[in-house]
Structure formats: C-alpha cells, structure tokens
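The values are calculated or read from the model by the stated rules, or taken from the named source; none is laboratory data. The structure displayed is predicted, hence computed values, not measured ones. Every residue, glycine as well, gets a Cβ built from its backbone with ideal geometry; the counts of neighbours run over all protein chains shown.
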Amino acid sequence: MILAHRKHVLVGIKFFPSADELSISLGFVEGVLVKTSRISGLYKVPPSDRLKIVAENTSLNDEEIEAIGKSGLSLDQADKMVENVVGLFQIPLGIATNFLIDGREVLIPMATEEPSVIAAASNGARMALAGGGFVTSSSKPVMRALIQVTGVDDPHGARLSVLARAEEIAARANEKDPMLVSYGGGVVGVEANVVNTRKGPMVVVHLLVDCRDAMGANAVNTMAEALAPFIEEITGGKVYLRIISNLADLRVARARAVFKAEEIGGPEVVDAIVLTSALAESDPYRAATHNKGIMNGVTAVTMAAGNDTRAIEAGAHSYAARGGAYRSLSIYEKNKDGDLVGSIELPVAVGTVGGATGVHPVARANMKILGLKSADDLGRVLVSVGLAQNFAALRALATEGIQRGHMSLHAKNVAVQAGAVGDQIEAVAAKMAAEKKINVDRAKELLRDMK
C-alpha cells in the first residue's frame, strides 16, 4: 500500500482519512533503478543503439528489448484487445531524458507522432535540474461513480434519504469488489446532489471509490450498476446512467519545479514566461493551446504506459474548466531570487494493473523502464512531464519562437515524403529550414539538384 490507513475522520458524508494523508510527497517506492537519465546526444545515434543505451541504464531483459524493437504486439494479441481487427497502426516510441523526480532519475517512454515533443520534454527537464528537478505530491486514488435518478417528486427529500443511508450504500457497493477492499480500497464516501436540467431536477448520487493501483472504470461501473435497484428503492425514482465520471477531481497529482534564471536565458525570459502564463490563466483562447502543450507530454506517456488517453484528456480539460471558465492547468511565478517557479495540478486517472498495461508487451516494458510500483508513481511522472513540456514550449515562445525546432523536424518529414533517403534527408531538410521554405515541391527540386 502507498498510504497506510490511520485514524479516519468524518467529513460531511465522505469517509476520508485525516487531511495530512491527502497530500503527501512520498516520492517513488523502491523499483527499477535508472543508472542515469542524463544521456547526452541520444538523438545522434541510430535507433537500435538508442535502445541498447536505454537497456543498459535500466534492467530490461532480452525479451523486453525485442518487444520494444519490434513493436511487441502480434495481430493475434490485437484481435483479443479490440473488435474487428484488421492490422496494427504504429506510433513512434521515444525516450525523454534528464528527468529528476522526487530525487530519483527516470527515463520516460513517450509514444507520439508529433515532432519536437520528446526533445522539448527532455530539454525542459534538463533546465529543471539546477533547481532540484521536479517535486511532486498527490491525493488518494479516488474516482467517482455517478448514478442518475429521474422522476422523483421530491428530489431534495430523496437526496436526504440517500445520505441517511450512505453507510449502507457503501457497504453494499464494497460487497461487489472484495478484492479491492482487501487491498485497502473500496467506497470511502457517498454524495448526493440535485441537478437542475432542461428535463427537470434529477438526483445524482456519487460513489467515491478508492481504486488503489487500478484506473478504476470496471470497479466503479460494476458497483454503480449493482446499486441501481437499491437507489431506486430509496428514492422512488428511476435510475438511468450509472457510470464513472472522468472528471477525477479527487485523484490529482501536482508537480513543482524551479527553473534558475541563468539556466533559461536570464531575467527577461523569466518575466516573459510569467506574462505568458498570466494570459493563459485568464483567456480561454490562450489556455486551450497552453494546455494542449501540457497534454503533448502527458498523453504521450499515458499512451506508452498502455493507459486510457481519452480519459486523461477528458479529465484534464474538464478540470481546467471546473470554476466555470476554461483556464490553464499550470502557473508560473517569479520567486524572491528572480528564478522561475512552475507548478501544475492535474487529474490522473491511471493504473498500473489491468487494461492494456497488463496485455501489451511494449506497455509492460515501458512500465519497467519507468520503474513504477504504483499508479500513484505514474501520476507523478505524468504531471512532471506535463510541466517540463509546458515550460519548454513557453520558453521557446519567449525566445526564438515555437516554430524553429518544430519546423526543423517537420522538414525531415517533408524530405521523406519527397523521396529522400539516408543522408539526403538531413541535407534536404537543412536546406529547406535555412530557406524557410518547407514543402514537398521544394524538397523534390533539391533532390533533383543532388542527383
């Protein structure tokens, strides 16, 4: 267990542990030790050699190395994961370096099709090293199940009836997953709200479920479905929806990093990033792109770990709008020493057991590279990568502009589309980038000149 069960206090109808257990910076429990995350020039060596370097810095065995190198998933395995399988669609898998999280060096597998994401995360993490890397904390892994009750004549009275039997509701739900309860999880609280809709008021019951190291969808959905008849009996209404909420506002992770002014380009860069952050905190048009940059990193790690990227995306963006207006998920400030301090808070509905994490060979190998022992650890990695990614983007905006690095990588893709191979790719891409004229027609002209 990550958090020991100690004295509990009653908070309304929520049966949470005492407040000091809700936000504790625990760091990583003992797992796979990374020799170093600071691998200089990794991008300069061939992909097969990069994998060897990663293996040397972790404890990957030959089978796991082979799985990563060959994508790992067979057609037969894929056929058992989703319906109507006809083939496999591959996404590049890279490794972000330089991460120091709660005093532990971590190599970060990232699955993404977008150029510059992995390089930016690595660069952001490198610039955080002088300030001590990323310091994280998290809440308990509590998810919500929603039970929608309609057709109630006295919805407010029905709400009180539900709350009056909260302990009985929790006990009945826990009977549906004794294994989860045996690991210290299960229902930790019951809520009930009256929600006014265009079809009239409805009672919405929330089961608050500690899911431990699972993402939790299967567990909470099973509990909600089993409770539906009992909730109807209590309220006299008709239950329709009984399903998890992906707004995991009780299951959050936080990260903080100090970026030394001299490391990131000086006081002017610090001030520029603070000003950019201030706009994202107030303007949804800027916040959307700001948060997209965060999710570039978060989603890539979530994918690599075999978790549900859609759940993470939905939770993050709804969390950003929880105050009634869409805002940034991160904040940047200047401390008394003139350094930049970045912080982020994000819902992290992820698991290290169940789902594709336990089925996909590459996902299993990636989890080993990360050296995780729990879903809590994975959540802390996600927010650290999100903050590194976000910082790198803001720094680029404050200095040379976001397009410089991105277009350099984009130029290589265009060169390949035009038919470049081997050394031609770098040569054509470099020429187009220098000309600031990156398109397939120009790439073909340059190839013809070479020939």
Log entry, pairs with first residue in the range 415-429 being among the hydrophobic types (A, V, I, L, M, F, W, C), second being not in a helix (DSSP H, G or I), beta carbons closer than 6 Å, six or more apart or on different chains, reads Val428/Ala420
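Among Arg104, Arg38, which is the only one that is modelled with pLDDT under 90, surrounded by 12 or more Cβ atoms within 10 Å (Cβ to Cβ) and under 27 Å from Arg395 (Cα atoms)?
Only one candidate passes the filter, namely Arg38.
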Selection from the range 349-372 of residues farther than 16 Å from Leu107 by Cβ and either in contact (Cβ under 8 Å) with a residue 60 or more places away in the chain or within 16 Å of the chain's Cα centre (by Cα) (or both) yields Ala349, Val350, Gly351, Thr352, Val353, Gly354, Gly355, Ala356, Thr357, Val359, His360, Pro361
Per the filter on the range 373-405, residues among the acidic types (Asp, Glu) and under 18 Å from the mean Cα position of the chain (by Cα) are Asp376, Asp377
Among residues of the range 36-86 being outside any loop (DSSP other than H, G, I, E, B) and among the β-branched types (Val, Ile, Thr), the residue farthest from Ser122 (Cα to Cα) is Ile65
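Here is a yes/no grid of residues against (1) within 25 Å of the chain's Cα centre (by Cα); (2) surrounded by fewer than 16 Cβ atoms within 10 Å (Cβ to Cβ); (3) more than 30 Å from Ala398 (Cα to Cα):
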{"residue": "Ile231", "(1), (2), (3)": "no, no, yes"}
{"residue": "Lys238", "(1), (2), (3)": "no, yes, yes"}
{"residue": "Ser245", "(1), (2), (3)": "yes, no, yes"}
{"residue": "Val252", "(1), (2), (3)": "yes, no, no"}
{"residue": "Arg256", "(1), (2), (3)": "yes, no, no"}
{"residue": "Phe259", "(1), (2), (3)": "yes, no, no"}
{"residue": "Gly265", "(1), (2), (3)": "no, no, no"}
{"residue": "Glu268", "(1), (2), (3)": "no, yes, no"}
Being among the small types (Gly, Ala, Ser), farther than 16 Å from Ile147 by Cα and in contact (Cβ under 8 Å) with a residue 60 or more places away in the chain narrows Gly184, Gly189 down to just Gly184
Being of a type outside the set (A, V, I, L, M, F, W, C), closer than 21 Å to Asn61 by Cβ and assigned to a helix (DSSP H, G or I) narrows Asn390, Asn366 down to just Asn366
Subset of the range 428-441, residues closer than 14 Å to Lys412 by Cβ and part of a helix (DSSP H, G or I), comes to Val428, Ala429, Ala430, Lys431, Met432, Ala433, Ala434, Val440
| query | For Thr289, are the conditions met, namely being surrounded by fewer than 17 Cβ atoms within 10 Å (Cβ to Cβ), closer than 24 Å to Pro347 by Cβ and not assigned by TED's automatic domain parsing to the domain that holds Ile108? | reply | no
Tell me, please, whether a residue that is under 29 Å from Asn413 (Cβ atoms), surrounded by 12 or more Cβ atoms within 10 Å (Cβ to Cβ) and of a type in the set (Lys, Arg) can be found in the range 69-89. no
Among the residues of the range 324-348, the number that are within 14 Å of the chain's Cα centre (by Cα) and either basic (Lys, Arg) or closer than 23 Å to Gly132 by Cβ (or both) is 6
query = Given the structure, is Ile312 buried (at least 17 other Cβ atoms within 10 Å of the Cβ), under 30 Å from Leu107 (Cα atoms) and over 12 Å from the mean Cα position of the chain (by Cα)?
reply = no
Got at least one residue in the range 115-138 being assigned by TED's automatic domain parsing to the domain that holds Ala393, at pLDDT 95 or above, part of a loop (DSSP other than H, G, I, E, B) and not aliphatic (A, V, I, L, M)?
yes
